[in-house]
Amino acid sequence: MSGGRSRDPGLRNIGPKSSAWLRQVGLHTREDLAAAGPVDAYMRVRRAGFRPSMNLLYALEGALQDCHWQEVPEARRQQLGEAQAAIAELPDPRRPAAGPVTTTRHDHGDGSADDAGPGWRDEPGRD
């Protein structure tokens, strides 16, 4: 995982594409990855709109355990597999997330304001 900082030569399984994804989501060092954990790091990558396979999850775990991603112990793979339910709940990364909704009211300077539509009540203290 490079960028402004040098890549940890002992970080296995993390190639240039995965490294770029991790940098994009603010994970620049092994310490950053360890603090986030493999599941959170994977979910950050998905939320950023990238389309990683589940192999990335195992690669991140392997990087933290300093082993090849296929050598992650079966018990740990089972635990990571349980995270798939949470991961499946994430929105499809191909669809951009909706932005925040804002309402703009225009004050005409004479105390009147544009009507926001039926049902709108002008209450003191309400913006």
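The values are calculated or read from the model by the stated rules, or taken from the named source; none is laboratory data. Remember, it's a predicted structure, so these values are computed and weren't measured experimentally. No Cβ is skipped: glycine too gets one built from the backbone with ideal geometry, and neighbour counts run over all protein chains shown. All accessible areas refer to the heavy atoms of the entire protein, side chains included, with ligands and DNA or RNA removed. Shrake-Rupley method; radii C 1.70, N 1.55, O 1.52, S 1.80 Å.
For the stretch 18-37, a residue qualifies if it is open to solvent by 10 Å² or more (accessible area, probe 1.4 Å), within 23 Å of residue 76 (Cα to Cα) and not in a loop (DSSP other than H, G, I, E, B), and the qualifying residues are 18, 30, 31, 32, 34, 35, 36. For first residues located in the stretch 39-52 and at pLDDT 90 or above, partners that are open to solvent by 60 Å² or more (accessible area, probe 1.4 Å) and not polar (S, T, N, Q) and lie 6+ apart or on another chain with Cβ distances below 8 Å do not occur. Go through the stretch 59-89 and count every residue that is within 19 Å of residue 15 (Cα to Cα), open to solvent by 30 Å² or more (accessible area, probe 1.4 Å) and in a helix (DSSP H, G or I). Counting residues in the stretch 59-89 that are within 19 Å of residue 15 (Cα to Cα), open to solvent by 30 Å² or more (accessible area, probe 1.4 Å) and in a helix (DSSP H, G or I) gives 5. For the stretch 45-58, the tally of residues that are out of contact with any Phe, Trp or Tyr (no Cβ under 9 Å at 6 or more places or on another chain), closer than 21 Å to residue 78 by Cα and in a helix (DSSP H, G or I) stands at 1.
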